[in-house]
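What follows is one structure encoded as structure tokens, with my remarks underneath.
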Amino acid sequence: MFFMYEIDNQKFGGFVAALRKEKGYTQKELAEKLFLSDKAISKWERGLSLPDIALLEPLADILGVTVAELLKGERIHAALEPQEMDELLGKTIHLSDNQKHVHSGFHKMWYLFVLGFSILEFGILIWQDVNLIQKDIFVLEALFALFGAWFCLFAKEQLPTYYDENELHYVSDGVFRMNIPFIRIHNSNWPYIVKCCRYWMLGSMILFPVVSFLLVTAGLWESSQKAVTLIWVFGLFGTILGTGKYYE
């Protein structure tokens, strides 16, 4: 009976839109209350996506309904039967598991594909007898792979609520700590920052061997190494700042 545990995206989105209008909120105003972008609200209401499970309770509170009513996509005027409660609980669990497994599986697949492709690139270049076996080049590529692994496999797109309640300019998760000056980090912009870093690292893992090949064969690597490294670092930093500010 798997179908019983699916949430109707269209029904959910229509219910959220109706409740939002009843409260007199615009999509932007509702998004600000949840520390999200109005694009996220728009996707919910059009049935294109569902909110993170951690957002169900605050969303229900703001719209003046229960989490059970949100999951059913309609107001509940009578006490629920035990079977209905089990069904709603199943929907919540399915939503949580689905979000975790779909995203982690997709990102893991892409990371492994890009990692394999970059290794193949280096293998081909070395086989072509290109003088590419230089420690600094491998170190930089290893750093892209290392940070790419973190953003693709371990980075959480949902931050604890204290990031929304305080003005913080860093993210700390275990041994990982990321400082981003000039922007306030919260659940409105952090998911986009993670995606930005994820795409940058994966792209770098593919492009860096090609750029290295071109510079080494032209005899320009030694003279341009620092410039290339700085361009890559400041390019990432600028992209993170721009993304964080845009969704701040």
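The values are calculated or read from the model by the stated rules, or taken from the named source; none is laboratory data. Computed from a predicted structure; not experimentally measured. For neighbour counting, all protein chains shown are included, and Cβ atoms are generated from backbone atoms with ideal geometry for every residue, glycine included.
Quick one: how many residues across segment 164-195 are under 10 Å from the mean Cα position of the chain (by Cα) and either of a type in the set (F, W, Y) or outside any helix (DSSP H, G or I) (or both)?
3
Of the residues L30, L50, L36, L55, which is within 18 Å of H186 (Cβ to Cβ) and not in a helix (DSSP H, G or I)? So that I can check it myself, show each step before the final result.
Details: L30 fails: not in a helix (DSSP H, G or I); L50 fails: within 18 Å of H186 (Cβ to Cβ); L55 fails: not in a helix (DSSP H, G or I).
Of the residues listed, the single one that is within 18 Å of H186 (Cβ to Cβ) and not in a helix (DSSP H, G or I) is L36.
What tally of residues in segment 33-52 results from selecting those that are among the charged types (D, E, K, R) and more than 21 Å from V67 (Cβ to Cβ)?
3
For segment 196-213, state whether one or more residues are touching a strand residue (DSSP E or B) at 6+ places or on another chain (Cβ under 9 Å), part of a helix (DSSP H, G or I), in contact (Cβ under 8 Å) with a residue 40 or more places away in the chain and more than 17 Å from L125 (Cβ to Cβ).
Yes, segment 196-213 contains at least one residue that is touching a strand residue (DSSP E or B) at 6+ places or on another chain (Cβ under 9 Å), part of a helix (DSSP H, G or I), in contact (Cβ under 8 Å) with a residue 40 or more places away in the chain and more than 17 Å from L125 (Cβ to Cβ).
Output the number of residues of segment 6-55 satisfying the condition of being surrounded by fewer than 18 Cβ atoms within 10 Å (Cβ to Cβ) and either among the basic types (K, R) or in the same structural domain as K156 (by TED's automatic domain parsing) (or both).
8
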